[in-house]
Amino acid sequence: MKMTMAKAPTKKILTASPAAGATECAAPDFNPRSPKRGLPLRACDTHAHIMGPKAQYDYSPARIYTPPDCLLNDYLHMLDTLGVERAVLVQPSVYGTDNTVMLEAMKTAGGRLRGIAVVDEDISDEELKAFDATGVRGVRVNIVDVKDRKPGTLPMAALTQLARRIAPLGWHMEFLMHADEFSDLDSTFADFPVEIVLGHLGYLTIGKALDDAGFQALLRLMKAGKAWVKLTGPYRITAEPLPYPATVPFAQALLEANRERVIWGSDWPHVMLKGSMPNDGSLADVLFDWIPDAGLRQQVLVRNPAKLYRF
């Protein structure tokens, strides 16, 4: 797998080009409703993407999907409706290593947003420091939504080298990966220079159970304080409709492993969704199935992300 990681961005005004085989994604529900119960003050959505306008910013020809315009104003409207004060934007694969759209959204929103960038391997230390000053708090490595995917493999030498360079900034490394493809996840990252973050409750392949070797390795890594997991995208690990009851045992196992290393995110705008598009208010309601205790919700939604992203 080629690891793509982002040079200092330059603004460009281009038109979106077609990509052979890229799936056209459905739009999110642009009319979110409020959750049935309120979220705590300073709650944080730790996983979302801004994409577009496609008339201004070119998508990568290597992308595997093409989203509709999902703009900052749409996203902020969703956050305000849910009652979420803070958020973290994650660089989507459709832009490759050009973080321009994400960085401009962060600048426009002021201190409300943090970011996770995708960077080239030869990025300079000066560029990394410049990213940090904008609110970037980590780098993303995507080994799932890529062409010519090689399941169960990681370029550990290159990852470790980058991790050593970002460690002085207090950054982490976020992976889009299927935990069930890595039964030795805990030993692989036992001595990694920075903490790692996995999304989508570990992003298990649909049908995997709690005793899956990769999921158990992830739990051990969390217990050791080396990994964080996002409660995001329940529709990515189950074929069930809302409220995705099969995900509850996985969420609770993650919380039992280390409640100080669990965070939550909307996964807006829900790209590459194979089932019915959920309303984000309904997704927020799932939180109360995962985390019935108000004090624990406060920790997952407020204290944990404030520590990881330095709000």
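The values are calculated or read from the model by the stated rules, or taken from the named source; none is laboratory data. Computed from a predicted model, the values in this text were never measured in an experiment. Virtual Cβ from ideal backbone geometry, glycine too; neighbours counted across all protein chains shown. Ligands, DNA and RNA are stripped out before the accessible areas are found, and what is left, the full protein with its side chains, is counted by its heavy atoms. Shrake-Rupley method; radii C 1.70, N 1.55, O 1.52, S 1.80 Å.
Protein chains only, probe 1.4 Å: how do 51, 272 rank by accessible area, largest first? Before the final figure, lay out each step's value.
Values: 51 0, 272 50 Å².
Heavy-atom accessible area, descending, gives 272, 51.
What does the charge count near residue 220 come to, summing +1 for each Lys or Arg and -1 for each Asp or Glu among other residues with Cβ under 10 Å from its Cβ? Each step should come with its number before you reach the end.
Details: positive: 223, 226; negative: 186.
Every neighbour counted, the sum reads +1.
How far apart, in nanometres, would the label points at residue 124 and residue 36 be if each is projected 7 angstrom from Cα along the Cα-to-Cβ direction?
5.5 nm
Mind checking region 263-311 for trypsin sites (Lys or Arg not before Pro) that DSSP puts in a loop (not H, G, I, E or B) and that have at most 10 other Cβ atoms within 10 Å?
On the way: sites: 274, 297, 303, 307, 310; in loops: 274, 310.
Within region 263-311, the qualifying trypsin sites (Lys or Arg not before Pro) (loop, at most 10 other Cβ atoms within 10 Å) are 274.
Give me, ordered by chain and number, the residues 5 or more places off residue 57 or on other chains with an amide H under 5 Å from its own placed amide H.
For residue 57, the qualifying residues are 14.
For residue 89, list long-range residues whose amide hydrogen, built 1.01 Å from N in the peptide plane, is under 5 Å from its own amide hydrogen.
For residue 89, the qualifying residues are 114, 115, 116.
Once you order the gyration tensor axes a ≥ b ≥ c over the Cα atoms, which shape class does region 44-143 get: rounded for a/c under 1.5, otherwise prolate or oblate by comparing a/b with b/c? Intermediate values should be presented prior to the final figure.
Numbers: a/c = 1.85, a/b = 1.16, b/c = 1.59.
Oblate is the answer for region 44-143, as a/c is 1.5 or above yet b/c matches or exceeds a/b.
So, with +1 on the Cβ of K and R and -1 on the Cβ of D and E, and no other charges, what is the size of the charge dipole of the chain about its Cα centre, to the nearest 20 debye?
520 debye
Quick one: accessible surface of residue 121, probe radius 1.4 Å, all protein chains present, in square angstrom to the nearest 10.
100 Å²
Residue 176's amide H: which non-local residues (gap 5+, or another chain) put their own amide H closer than 5 Å, with H modeled 1.01 Å from N in plane and none for Pro or chain starts?
141, 142, 143
Taking a probe of 1.4 Å, how large is the accessible area per residue of the chain, in Å²? Don't skip to the end; give the middle numbers.
Values: 12500 Å² over 311 residues.
Using a 1.4 Å probe on heavy atoms only, each residue of the chain averages 40 Å².
Taking Cα atoms of the chain, Rg/Rh with Kirkwood Rh, to two decimals?
Working: Rg = 17.9 Å, Rh = 19.4 Å.
Looking at the chain, the ratio lands at 0.93.
Trypsin sites (Lys or Arg not before Pro), restricted to region 19-82: which are DSSP loop and have at most 16 other Cβ atoms within 10 Å? Before the final figure, lay out the partial values.
Details: sites: 33, 36, 37, 42, 54, 63; in loops: 33, 36, 37, 42, 54, 63.
Of the trypsin sites (Lys or Arg not before Pro), the ones in loops of region 19-82 whose Cβ has at most 16 other Cβ atoms within 10 Å are 33, 36, 37, 42.
I need the calculated FRET efficiency for the pair residue 190 and residue 55, taking r as the beta carbon distance and R₀ as 41 Å, to the nearest 0.05. List each step's numbers first, then the result.
On the way: r = 47 Å, r/R0 = 1.14.
It comes out at approximately 0.30.
Per-residue HN-Hα couplings for region 272-278, Karplus 6.51 cos²θ - 1.76 cosθ + 1.60 at θ = phi - 60°, whole Hz, x for Gly and Pro?
Whole-Hz 3J(HN,Hα) from phi for region 272-278: 6, 6, 8, x, 6, 6, x.
Treat every Asp and Glu Cβ in region 218-311 as -1 and every Lys and Arg Cβ as +1, leave all other atoms uncharged, and give the resulting dipole magnitude about the Cα centre to the nearest 20 debye. Provide the component values of the computation, followed by the final result.
Values: 12 positive and 8 negative charges, 121 e Å.
For this selection, approximately 580 debye.
If each DSSP helix of 4+ residues adds -39,500 (n - 2.57) and the sum is divided by the residues in the chain, what number results at 222 nm, nearest 500 deg cm²/dmol?
On the way: 10 runs with 88 residues, N = 311.
Here the helix-only value at 222 nm equals -8000 deg cm²/dmol.
Please calculate the 1.4 Å probe accessible area of residue 254, with all protein chains present, and give it to the nearest 10 Å².
Approximately 0 Å² of residue 254 is accessible to the 1.4 Å probe.
Need the list of aspartates and glutamates near residue 307 for cross-linking: C-alpha distance under 17 angstrom, and skip anything on the same chain fewer than eight residues off.
The qualifying aspartates and glutamates are 45, 85, 132, 174, 195, 260.
In a Gaussian network model over the chain where Cα atoms closer than 10 Å are linked, find which of 102, 277, 173 has the largest mean-square fluctuation.
Comparing 102, 277, 173 in a Gaussian network model of the chain, the most mobile one is 277.
What pairs in 150/208; 107/129; 129/274; 54/274 have C-alpha atoms more than 28 Å from each other?
Details: 150/208 19 Å; 107/129 16 Å; 129/274 38 Å; 54/274 23 Å.
Violating the 28 Å Cα-Cα cut-off are 129/274.
How large a share of the accessible area of region 87-205, in percent, is made up of carbon and sulfur atoms when the probe is 1.4 Å and the other protein chains stay in place? Could the numbers behind the result be given before it?
Details: 2030 of 4230 Å².
Roughly 48 percent of what the probe reaches on region 87-205 is carbon or sulfur.
Can you put 201, 76 in order of accessible area, largest first, using a 1.4 Å probe?
Largest accessible area first, the list is 76, 201.
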